[in-house]
Protein chains: 2
Amino acid sequence: MAFSEFRPLNEKSLVEYIKATPSLSSKIGDKYDDLKIKEVGDGNLNFVYIIVGASGSFVIKQALPYIRCIGESWPMTKERAYFEAIALKEHGGLCPQHVPEVYHFDRTMSLIGMRYIEPPHIILRKGLIAGIEYPLLAEHMSEYMAKTLFCTSLIYRSTTEHKRAVAEFCGNVELCRLTEQVVFSDPYKVSEYNRWTSPYLDHDALAVREDDILKLEVAELKSKFCERAQALIHGDLHTGSIMVTRDSTQVIDPEFAFYGPMGFDIGAFIGNLILAFFAQDGHADQVNDRKIYKEWILKTIEDTWNLFHQKFTALWDQHKDGSGEAYLPAIYNNPELQKLIQEKYMKELFHDTLGFGAAKMIRRIVGVAHVEDFESIREASIRADCERQALELAKTLLKKRQEFLSIGEVISAITHAQL
Amino acid sequence: MAFSEFRPLNEKSLVEYIKATPSLSSKIGDKYDDLKIKEVGDGNLNFVYIIVGASGSFVIKQALPYIRCIGESWPMTKERAYFEAIALKEHGGLCPQHVPEVYHFDRTMSLIGMRYIEPPHIILRKGLIAGIEYPLLAEHMSEYMAKTLFCTSLIYRSTTEHKRAVAEFCGNVELCRLTEQVVFSDPYKVSEYNRWTSPYLDHDALAVREDDILKLEVAELKSKFCERAQALIHGDLHTGSIMVTRDSTQVIDPEFAFYGPMGFDIGAFIGNLILAFFAQDGHADQVNDRKIYKEWILKTIEDTWNLFHQKFTALWDQHKDGSGEAYLPAIYNNPELQKLIQEKYMKELFHDTLGFGAAKMIRRIVGVAHVEDFESIREASIRADCERQALELAKTLLKKRQEFLSIGEVISAITHAQL
């Protein structure tokens, strides 16, 4: 049963679809008697079905031609499923330990069949709210980011491969525009989509809109986001795009993927960890004051950058005589120069990371889409206090990012930003 | 007579081709009796035919599937004619005064029919060698660069238009790779293609290859060239790509066009004027010591940047409420912030211009393709002295570009670089 045009599947047509698709039906041993099907998507952005049979399981994700955001309906190309699928395959090929395998893709139907990230995996953001430590998180995420970013950059790739891939992902323009709007524009102007913990943060939101230096720096970050095709980035690497257990870390939902600045991914992850940090005081109770957990978050932030730095430069050393065209061995083949080059590159990447991370924090406090870390703090005044601390730190990080020389200084700034 | 596959035209088949192509035959009133046809291309890169009839004229340029460089034959896609044609049309639409009109394009035949830039137009480089002043050159080139660069950037364009165009020009990857090699790589390593005025500059060429700081900075410029899709640049805007009379300036040959950093175009033009400046001492004789002409070149460099700055920011002011997505009016609509934004943007562009301009100078002295400005100085020791001054200045500009705050300081450095 090949569908010649797009139509949203329901539980019944889904089974017909699976039966007609060998790459899916084989996963459940072609047995349909005890098949369990569960719809788990929020129903607004995508349909997500979990299919569990006697001998195996998988997930079906189907994109709908719109996104819904705070009750507002925005049309949004279902072609994003195509970019999600090719990003999953590309990143999965580079880092299979941390990216779910794609079993099937149907462009007409905007439908991906992929590995079911089974329980006890949960969304990292929920784990952070619950105060659960993930001892391998920094190790895994730095591994994922180092491999996917390094191997899709010109340090590793040829210009020919790079330009072909850049051109292809230019097609994901609608999702890029969405990011431009919600991350780099709306928080800095009056927008019907913006919201914040009112009235507590009314003045803070206004201050963001009237901060000329902040807006000057955001413009620079936006230009970099729009113009700099540095690597194939995930494009939405917050803690809601990561599923975890103590031993496993899986990165999902790269529908915003395109060739952009690496710091946007690293910053998204670290920025969302900082948000989680500042939300902890709102989750503290008599049983758990969250102090030890906050230390663990800080250590995870520090380890993430340090391990990323280590793994990224190790990949670079390993492939310095490869086919990457950015730094030809015949020019950069002496150890001192190689060291200088890497220091310069990593310094700029660090500052990009802080800038983009801060921009992602700000937009979660005064922009359209908020994070459950704060939203789940029921008392508005407490929530506002947590958010204000995060917002103030983010503004400092964004405006003064060039002054930070190490992740240790960032940790120090986070610690001092607490009330 | 439509050609279903590529074949190089000769004078005879050219006439058949014109007869079968109304957009061309109409230019000469469909009259073939007194047709004058002259092949003027160098025969290595492209065939270029001038066709002059009783009632009109045009040029036919046909790309061949290779380039030839100092006797070495490099395969090179003839698809470059396609990118030349669409760049001519795009830039011509934005600045018709300074770009020849395209009458006809045939992708299969890699063939462009366009306006014949008639005598007394000559190639600017030849005018500079002959010591001819062009009083409108700075005015015209700043106009061309301001319009073409501004109007293809995100300050003027929407993200949707931008990404579509970026993707299309990613197809011109072979020409981009050629630039990467000859501008950013070969001069900094041992390469069979490099040459210089030997033995005089043997040490200077070696010094370039062993200058770690220079190579560190060149790497940054190369990354920007490869990754930053800032505007549709000409890609080869040296003084050999410009035809001039006292009153007219026409920019030709944009076959290297793609979405890259604006400073690469401005730098190419200014860098080649600086080369022309340092070549003057080699052209001085008892009749003309070239002192006044050197002053004119310096003034043209200064005026070019200052007028470009003025025209570019004027376009920006004029279109600040337009559909450009980089600086939304709702965020940047106050005069002080608008001023801050422009200052920051123009400062970075100025430094890019100096860096790329310097890289273009260096490659003309120790890389594969040299300039007639120097090559026409017959006495090797004199030529080497001129080249060394230019090379030393270029190294300073490239390494210390961030320290230059105005074009006046650059003029000052040029003046002091003379022996």
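Here are the numbers for the structure shown:
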| read-out | value |
| --- | --- |
| Net charge, A:P335 excluded, C-beta distance under 12 Å - Lys, Arg +1, Asp, Glu -1 | -1 |
| Sites B:I132 and A:E295 - FRET efficiency at Förster radius 56 Å, r taken between beta-carbons, to 0.05 | 0.15 |
| Partners for A:K291 among aspartates and glutamates (Cα-Cα distance below 19 Å; same-chain residues under 8 apart left out) | A:E133, A:D281, A:E302, A:D303, A:D373, A:D385, A:E387 |
| Identity and axial distance of the chain B residue whose Cβ lies nearest the axis relating B to A, Å | B:A167, 2 |
| Nitroxide proxy distance, nm - points 7 Å out along Cα→Cβ at B:Q286 and A:N288 | 9.6 nm |
| J(HN,Hα) series, the range A:218-226, from Karplus relation 6.51 cos²θ - 1.76 cosθ + 1.60, nearest Hz, glycine and proline x | 5, 4, 5, 5, 4, 4, 5, 4, 7 |
| The range B:320-418: GluC sites (Glu not before Pro) in DSSP coil with no more than 16 other Cβ atoms inside 10 Å | B:E379 |
| At 7 Å out from Cα toward Cβ: B:V190 inter-copy label distances (nm, ascending) | 6.8 |
| Under the Karplus curve 6.51 cos²θ - 1.76 cosθ + 1.60, θ = phi - 60°, whole-Hz ³J(HN,Hα) for the range B:173-179, x wherever Gly or Pro sits | 4, 5, 6, 4, 4, 4, 4 |
| All aspartates and glutamates inside 14 Å of B:K31 as judged from Cα atoms, apart from same-chain residues fewer than 8 positions distant | B:E16 |
| Cα-based shape type of the range A:28-114, given that a ≥ b ≥ c are square roots of the gyration tensor eigenvalues and the cut on a/c is 1.5 | oblate |
| Chain pair B, A: total accessible area buried, heavy atoms, 1.4 Å probe, Å² | 3900 Å² |
| For B:R164, inter-copy label distances in nm, listed shortest first [label point 7 Å out on the Cα-Cβ vector] | 2.5 |
| Distances in nm from B:H416 to the matching label points in the other copies, shortest first (labels 7 Å along Cα to Cβ) | 3.9 |
| Protein-protein interface of the range A:221-236, residues with accessible area decrease of at least 40 Å², isolated chain reference, 1.4 Å probe | A:K222, A:C226, A:E227, A:R228 |
| Interface residues in the range B:147-190 - accessible area drops by 20 Å² or more relative to the isolated chain, probe 1.4 Å | B:L154, B:T159, B:T160, B:K163, B:A167, B:C170, B:V173, B:R177, B:E180, B:S185, B:K189 |
| Per residue, in Å², the accessible surface of the protein assembly as shown once ligands and nucleic acids are set aside, probe 1.4 Å | 39 Å² |
| Residues in the range A:286-315 reached by a label modelled at A:T415 [backbone nitrogen below 20 Å; 7 Å Cα→Cβ] | A:289-307 |
| Subset of A:K347/B:K400; B:K311/B:K344; A:K224/A:K347; A:K344/A:K395; A:K126/A:K189 violating a 21 Å alpha-carbon distance limit | A:K344/A:K395; A:K126/A:K189 |
| Summed residue charge, Cβ within 15 Å of A:G127's Cβ, Lys/Arg positive, Asp/Glu negative | +1 |
| Most mobile listed residue (B:P65, B:P335, B:P120) in chain B, GNM with C-alpha springs under 10 Å | B:P335 |
| GluC sites (Glu not before Pro) within the range A:80-189: DSSP coil, no more than 16 neighbouring Cβ in 10 Å | A:E101, A:E133 |
| Estimated FRET transfer efficiency when R0 is 41 angstrom, pair B:L405-B:A207 (beta carbons, to 0.05) | 0.90 |
| Rough spin-label spacing in nm, given labels placed 7 Å along Cα→Cβ, for A:E139 and B:A20 | 6.9 nm |
| Estimated FRET transfer efficiency (A:A54, A:E372; beta-carbon r; R0 41 Å; 0.05) | 0.70 |
| Accessible surface of chain B [probe 1.4 Å, protein heavy atoms]: carbon and sulfur percent | 51 percent |
| Dipole of the range B:300-419, positive end: most advanced residue of B:A417, B:T300, B:F312 [Cβ charges, Cα centre] | B:A417 |
| Karplus-derived HN-Hα couplings along the range B:306-321 (A = 6.51, B = -1.76, C = 1.60, θ = phi - 60°), whole Hz, x at Gly and Pro | 4, 5, 4, 4, 5, 5, 5, 6, 5, 4, 4, 4, 5, 10, 5, 9 |
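The values are calculated or read from the model by the stated rules, or taken from the named source; none is laboratory data. Just so you know, these numbers come straight off a predicted model, no measurement behind them. Glycine also receives a Cβ, built like all others from the backbone with ideal geometry; neighbour counts cover every protein chain displayed. Only protein heavy atoms, including side chains, enter the accessible area calculation; ligands, DNA and RNA are left aside. Shrake-Rupley method; radii C 1.70, N 1.55, O 1.52, S 1.80 Å.
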